[in-house]
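The values are calculated or read from the model by the stated rules, or taken from the named source; none is laboratory data. This is a predicted model, so every value here is computed, not measured. Ideal geometry is used to build each Cβ from the backbone, glycine not excepted, and the neighbour counts take in all protein chains shown.
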Amino acid sequence: MRPVEIKKDIFWVGAVDWNSRNFHGYSLSPQGTTYNAFLVKDQQTVLIDTVKHDFRGQFFCALSKALDGRGLDCLVVNHLEPDHAGCLAEVVERFKPKRIFVSPMGEKSLAAHFHPQGWPIEVAPSGTKVSVGRRTLTFVEIRMLHWPDNMLTYIPEDAIAFTSDAFGQNWATSERFADEVDRSTLTRLMAEYYANIVLPYSPVVLKTLDALAGMNLDLDMVCPDHGLIWRGRDEVAFALGKYREFAQQKPKNKAVIVYDTMWRSTEKMALAAAEGLVAEGVGVRVMSLKHNHHSAVMSEVFDAAAVLVGSPTHNNGILPLVADMLTYMKGLRPQGKIGAAFGSFGWSGECVKILAEWLKDIGMELVEPQVKVKHVPDHAAFQQCFDLGRAVGQAVKKKISG
Ligand code: FEO
């Protein structure tokens with residue numbers, strides 16, 4: 001891989017993962033991803049992050065070309081997750097950097113991951129400044145964006161920030177800058193990344209954005225560790241503004257109906273509820289869990305005002321794909337949603353009670369009554385599902401106008 005000079009004497013030395021489809025094993029990445037790492041060449045040379053170990057060939061090739069015969073003086077570890085620290089030990093072994101900078105939480109994480117012996121580690125709490133020649137590295141902890149150890153490295157002389165996971169997207173591209181690619185795709189992939197990776201930490205995002213605003217950093221370029229780089233003040237403002245919007249979780253006039261079904265009774269109920277929502281003028285996404293991965297569902301739930309969940313009763317419980325979806329959704333902590341439950345049953349019929357408990361546990365405001373149908377819905381049951389859709393639709397309109 002060839003390095004790309006993104007500012008004078010600052011190089012992208014990352015790797016493009018064209019084939020990534022299941023990011024970290026839990027979230028789809030249908031358009032691949034990148035692992036971004038950066039080299040700053042000043043009086044001292046500074047490497048910021050590495051890449052996933054599978055991509056060590058691309059990375060060391062780009063790094064060696066960018067170093068062009070020079071050694072590596074400093075290594076900055078903005079994040080210890082293995083998609084960024086996968087080549088850390090090999091970098092230390094091959095290049096023997098004189099200084100390794102890591103956040104206070106990063107020191108603990110680094111010790112637990114690598115059990116280092118004699119590495120020249122320097123803990124850099126927020127506000128630490130290190131001169132590397134003409135430039136100054138300034139470190140800012142951004143805990144829980146996305147692990148406790150995450151930090152941001154800012155270089156005021158270039159008005160550039162390296163932000164680890166924050167402001168990234170899963171998108172494998174030959175382009176390196178956000179202004180070179182289709183904006184609507186970029187924004188959608190940024191939102192999908194946020195919905196599936198960053199969402200639980202939204203309160204921290206808002207605090208971090210406020211803290212960064214308070215620091216009054218001059219920012220002309222923001223370099224996340226995944227996807228495209230934000231170049232220019234307008235682009236930086238766009239990225240920061242999107243994160244504020246995402247973190248606020250303002251719902252749209254939209255509902256998601258997510259379900260699994262055995263003999264199609266619950267599916268028919270889902271479609272009848274969708275008709276009720278449409279009758280109220282609310283946009284609907286109907287998502288079968290046999291056809292949609294939980295991360296694709298979560299990408300739609302992210303900006304929806306309501307979530308209607310359906311499952312038949314199965315062995316006194318709910319179907320496994322629905323349980324998987326609810327577990328995933330609960331972990332991502334979506335805020336301020338309206339919820340509703342429906343499902344069919346044969347004899348015991350616990351499904352809707354279990355679904356309602358899940359939705360309440362996630363913090364949703366439930367619309368009643370839940371609809372439960374024995375075996376196959378008749379006209380009266382379809383009417384109940386339609387009415388449930390209408391009731392949820394009315395609650396959505398009230399919420400978004402409030
Ligand atoms: Fe891209 Fe939290 O690692």
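Worth pointing out:
- Residue count for the stretch 78-96, restricted to those that are closer than 22 Å to Gly127 by Cα and free of Cβ contacts under 8 Å to residues at least 60 places away in the same chain: 0.
- Criterion (free of Cβ contacts under 8 Å to residues at least 12 places away in the same chain, in the same structural domain as Pro97 (by TED's automatic domain parsing) and of a type in the set (S, T, N, Q)) met by exactly one of Ser64, Ser29, Ser20: Ser64
- Looking across Gly393, Gly389, Gly336, Gly331, one residue alone is of a type in the set (Gly, Ala, Ser), part of a loop (DSSP other than H, G, I, E, B) and at pLDDT 95 or above. It is Gly336.
- Residue in the stretch 129-138 that is in contact with a Cys (Cβ under 7 Å, 6 or more places away or on another chain) and either assigned to a loop (DSSP other than H, G, I, E, B) or within 15 Å of the ligand (Cβ to nearest atom) (or both) present: yes
- All positions within the stretch 139-151 that are within 13 Å of the ligand (Cβ to nearest atom) and either over 18 Å from Gly86 (Cα atoms) or in a loop (DSSP other than H, G, I, E, B) (or both): Ile142, Arg143, Met144, Leu145, His146, Trp147, Pro148, Asp149, Asn150
- Extreme residue, surrounded by the fewest Cβ atoms within 10 Å (Cβ to Cβ), among residues of the stretch 235-282 that are among the acidic types (Asp, Glu) and within 26 Å of Leu199 (Cβ to Cβ): Glu245
Conditions (1) of a type in the set (Val, Ile, Thr); (2) at pLDDT 95 or above; (3) within 13 Å of the ligand (Cβ to nearest atom), marked per residue:
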| position | (1), (2), (3) |
| --- | --- |
| Glu157 | no, yes, no |
| Ser174 | no, yes, no |
| Ile197 | yes, yes, yes |
| Asn216 | no, no, no |
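- Filter result for Arg70 (away from the ligand (no atom under 16 Å from the Cβ), touching a residue at least 24 places away in the same chain (Cβ under 8 Å), out of contact with any Phe, Trp or Tyr (no Cβ under 7 Å at 6 or more places or on another chain) and over 22 Å from Thr33 (Cβ atoms)): yes
- Flag if Gly118 is among the small types (Gly, Ala, Ser), assigned to a loop (DSSP other than H, G, I, E, B) and within 16 Å of the ligand (Cβ to nearest atom): no
- Number of the condition not met by Val16 [criteria: (1) of a type outside the set (D, E, K, R); (2) in contact with a Lys or Arg (Cβ under 9 Å, 6 or more places away or on another chain); (3) within 16 Å of the ligand (Cβ to nearest atom)]: (2)
- The listed residues are Leu359, Leu326, and the only one of them that is without any contact (Cβ under 8 Å) to a residue 40 or more places away in the chain and either in a helix (DSSP H, G or I) or more than 16 Å from Ala255 (Cα to Cα) (or both) turns out to be Leu326.
- All positions within the stretch 45-58 that are of a type outside the set (A, V, I, L, M) and in contact with a strand residue (DSSP E or B) (Cβ under 6 Å, 6 or more places away or on another chain): Lys52, Phe55, Gln58
- Filter pass, Tyr201 being within 16 Å of the ligand (Cβ to nearest atom), out of contact with any helix residue (DSSP H, G or I) (no Cβ under 8 Å at 6 or more places or on another chain), touching a residue at least 12 places away in the same chain (Cβ under 8 Å) and of a type outside the set (Gly, Ala, Ser): yes
- Of all residues in the stretch 69-101, those satisfying the criterion of being of a type in the set (Gly, Ala, Ser) and assigned to a loop (DSSP other than H, G, I, E, B) are Gly69, Gly71, Gly86.
Residues are listed down the side, and each one gets a yes or a no for (1) under 21 Å from the mean Cα position of the chain (by Cα); (2) buried (at least 24 other Cβ atoms within 10 Å of the Cβ); (3) charged (D, E, K, R):
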{"residue": "Cys61", "(1), (2), (3)": "no, no, no"}
{"residue": "Asn78", "(1), (2), (3)": "yes, yes, no"}
{"residue": "His84", "(1), (2), (3)": "yes, yes, no"}
{"residue": "Arg94", "(1), (2), (3)": "no, no, yes"}
{"residue": "Lys98", "(1), (2), (3)": "no, no, yes"}
